[in-house]
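Below is one structure, written out as structure tokens; comments come after it.
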Amino acid sequence: MALVDDSSWDVVVLGGGLAGLRAASVAAAAGASVLLLEKLDRLGGSSALSAGMFWTAPDLAAYRQRVPHGDVELAARLIAQYEGDLAAIRESGVHVDAEPTLGVMGDFGRGYSFDVRSYLDVLTARLYACGGTVRTGVSTLEIERTGGHRFLVRTETAAGPAEIRASAVVLATGGFQASPELRAAHMPAVGADIALRSNRGSEGDGLRLASSLGAGLAGDLGTFYGHLVPHPVAGFTPEKYMVFSQYYSSHGILVAADGRRFADESRGDEILNQDLAEVDGMTAFLLFDEEVRSTYGVAEPFANFGRVDRFEFAVAGGARHATADTLDELVRRLGALGVDADQLTRTLAGDVEPSHLARRVSRAAPPTTRQLAKLRRGPFHALEVQPAITFTLGGIAVDADLSVRGQAGERIDGLYAVGADIGGFNNYGYAGGLAPAHLTGSIAGRAAARRTLGAPAVALAGAREGEAC
Ligand SMILES: Cc1cc2nc3c(=O)[nH]c(=O)nc-3n(C[C@H](O)[C@H](O)[C@H](O)COP(=O)(O)OP(=O)(O)OC[C@H]3O[C@@H](n4cnc5c(N)ncnc54)[C@H](O)[C@@H]3O)c2cc1C
């Protein structure tokens, strides 16, 4: 079959989320010829579905505490460049809140809410203005190394196959959460069945293509970011991802079907979400009191999000639930829903032996009696929940300029990975998705442009960032 495209570029970027668009627009503004390929029919990825909180750890000590096994070098860079990246977003003219939001993800992060969708449009417009090209609906089958340190990118579209040449390739495909096969291979605890809280295109193409070129892996591939969502949940569509997310679960207790708890719930919903994935059956009841429902349960998780009664919303979405004036009555009702009521009574009286259904949990901090004090006054509620996956935290190994590293640690020249494709910045603990996507996109975009243009030209372009080309 004839090729529909045999063009040649300085930089080819795979993936049109924040990391890919940022890399592509920075490379194009530096003077490189850039082609951005997006697999789905529209740009944006999970970035466009996100809450737009540009955040991370306030300092390195907080990062180390929250992500003890994380990539400290990248974190130090992100924290140091955070204000500069934020300023670049402000200068683009999109809305950024004047005041920071403190306590993102519980008591931990610091960030600013911004209009992420408009910013993605700004980056796209910049890419076009600087001579870049965007093609959507393109799947990449393989990447081959050719002579002269170049790459051959073989793609497939509805119109037919293409072979595109590039001096540099940036992998920005957003992780492997949307692939049941890769989840089953790399995340034995999670497996193929878990609710997807992400764009549907992030099927691990970056990981697959990098691996075929000898890439090494970084971070714990079994870990992932996401939030607890109701079970069952009808209509779990992208515009409802956030209202179905039970951000407040650290103010309740989580009980498995055997009536026992399996983790210290105070550590935060994004941690509990991973712990529950390791409980047989992957469901539990979240117990909380009326005060929690009417405060944390309706509060905005992020600035500009809006208040919503998450319990009521979950019930309307078909979740199994119970409400009772007393804890004794709640236990009886949960017994009718299949929870071991005798054990639940002992659990509420202070038995903290972890659930026998949670045999696989290796990381979870054990339950504490302290958390039980959060069930203060009736009425009490119970909501059945399940884990949901937003993006994978383990992935491709990279070095300081986001060059992909081979299995022996060597640099794979000209191949870069960014955003949720890289492994180890988040690692069970979570310190942000958009800010690292932006930073890694900037670094890789510049490095990829430098390959063909040379360092002085790219440095000059960096100084006039944001101007039209
Ligand atoms: C509901 C929700 C709320 C969130 N809220 C926040 C928040 O407030 N703050 C925060 O920091 N993080 C948040 N996140 C996480 C954040 O969105 C991600 O960490 C970030 O968007 C990752 O950016 P990315 O560019 O790496 O991936 P994405 O934005 O997901 O982009 C990846 C793109 O690559 C495409 N792709 C896949 N394979 C290929 C291929 N072979 N060729 C071409 N294209 C391909 C995909 O279709 C997709 O468009 C949220 C996520 C969700 C889903």
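Report the residue count in the stretch 236-256 for those that are touching a Gly at 6+ places or on another chain (Cβ under 6 Å) and either of a type in the set (G, A, S) or more than 14 Å from F285 (Cα to Cα) (or both).
1
Report the residue count in the stretch 365-393 for those that are in contact (Cβ under 8 Å) with a residue 40 or more places away in the chain and farther than 30 Å from T173 by Cβ. Lay out the reasoning, then the answer.
Step one: list which residues in the stretch 365-393 are in contact (Cβ under 8 Å) with a residue 40 or more places away in the chain, which gives 365-368, 370-372, 374-393.
Those still in the list that are farther than 30 Å from T173 by Cβ too: 365-368, 370-372, 374-384.
Qualifying residue count, the stretch 365-393: 18.
Out of all the residues in the stretch 178-203, which are within 9 Å of the ligand (Cβ to nearest atom) and either charged (D, E, K, R) or touching a residue at least 40 places away in the same chain (Cβ under 8 Å) (or both)? Can you show your working first?
Going residue by residue through the stretch 178-203, those that are within 9 Å of the ligand (Cβ to nearest atom) are 178, 197-203.
Correct list: R197, S198, N199, R200, G201, S202, E203.
What's the number of the condition E410 fails, among (1) modelled with pLDDT of 95 or more; (2) acidic (D, E); (3) under 23 Å from R450 (Cβ atoms); (4) under 25 Å from the mean Cα position of the chain (by Cα)?
(4)
Does the stretch 452-459 include one or more residues that are of a type in the set (S, T, Y) and either out of contact with any Lys or Arg (no Cβ under 9 Å at 6 or more places or on another chain) or in the same structural domain as D275 (by TED's automatic domain parsing) (or both)?
Yes, the stretch 452-459 contains at least one residue that is of a type in the set (S, T, Y) and either out of contact with any Lys or Arg (no Cβ under 9 Å at 6 or more places or on another chain) or in the same structural domain as D275 (by TED's automatic domain parsing) (or both).
So which of F305, F288 is surrounded by 15 or more Cβ atoms within 10 Å (Cβ to Cβ), at pLDDT below 95 and either among the hydrophobic types (A, V, I, L, M, F, W, C) or in the same structural domain as F108 (by TED's automatic domain parsing) (or both)?
Values: F288 fails: at pLDDT below 95.
When all the criteria are applied, what remains is F305.
Would you pick out the residues in the stretch 387-442 that are hydroxyl-bearing (S, T, Y) and either touching a Leu at 6+ places or on another chain (Cβ under 9 Å) or in the same structural domain as L254 (by TED's automatic domain parsing) (or both)?
Taking the stretch 387-442 and keeping what is hydroxyl-bearing (S, T, Y), we get 390, 392, 403, 416, 428, 430, 440, 442.
Once the filter is applied, which keeps residues that are hydroxyl-bearing (S, T, Y) and either touching a Leu at 6+ places or on another chain (Cβ under 9 Å) or in the same structural domain as L254 (by TED's automatic domain parsing) (or both), the stretch 387-442 yields T390, T392, S403, Y416, Y428, Y430, T440.
Looking only at the stretch 216-256, which residues are within 16 Å of the ligand (Cβ to nearest atom) and of a type in the set (G, A, S)?
If the condition is that a residue be within 16 Å of the ligand (Cβ to nearest atom) and of a type in the set (G, A, S), then A218, G219, G226, G235, S245 are the ones that fit.
Looking only at the stretch 55-77, filter to residues that are hydrophobic (A, V, I, L, M, F, W, C) and under 14 Å from N427 (Cβ atoms); which one of those is surrounded by the most Cβ atoms within 10 Å (Cβ to Cβ)?
A57
For K374, only one of the following conditions fails: (1) of a type outside the set (V, I, T); (2) within 16 Å of the ligand (Cβ to nearest atom); (3) in the same structural domain as E353 (by TED's automatic domain parsing). What is its number?
Against the list (1) of a type outside the set (V, I, T); (2) within 16 Å of the ligand (Cβ to nearest atom); (3) in the same structural domain as E353 (by TED's automatic domain parsing), K374 comes up short only on (2).
Restricting attention to the stretch 40-66, and to residues there that are charged (D, E, K, R) and without any contact (Cβ under 8 Å) to a residue 60 or more places away in the chain, which single residue is nearest to the ligand (Cβ to nearest atom)?
At the first step, the residues of the stretch 40-66 found to be charged (D, E, K, R) are 41-42, 59, 64, 66.
Restricting the remaining residues to those that are without any contact (Cβ under 8 Å) to a residue 60 or more places away in the chain gives 59, 64.
Working: D59: 17, R64: 19 Å.
It comes out as D59.
The values are calculated or read from the model by the stated rules, or taken from the named source; none is laboratory data. From a predicted model like this one, the values you see are computed outputs, not experimental measurements. All Cβ positions, even for glycine, are placed from backbone atoms using ideal geometry, and neighbour counts span all protein chains on display.
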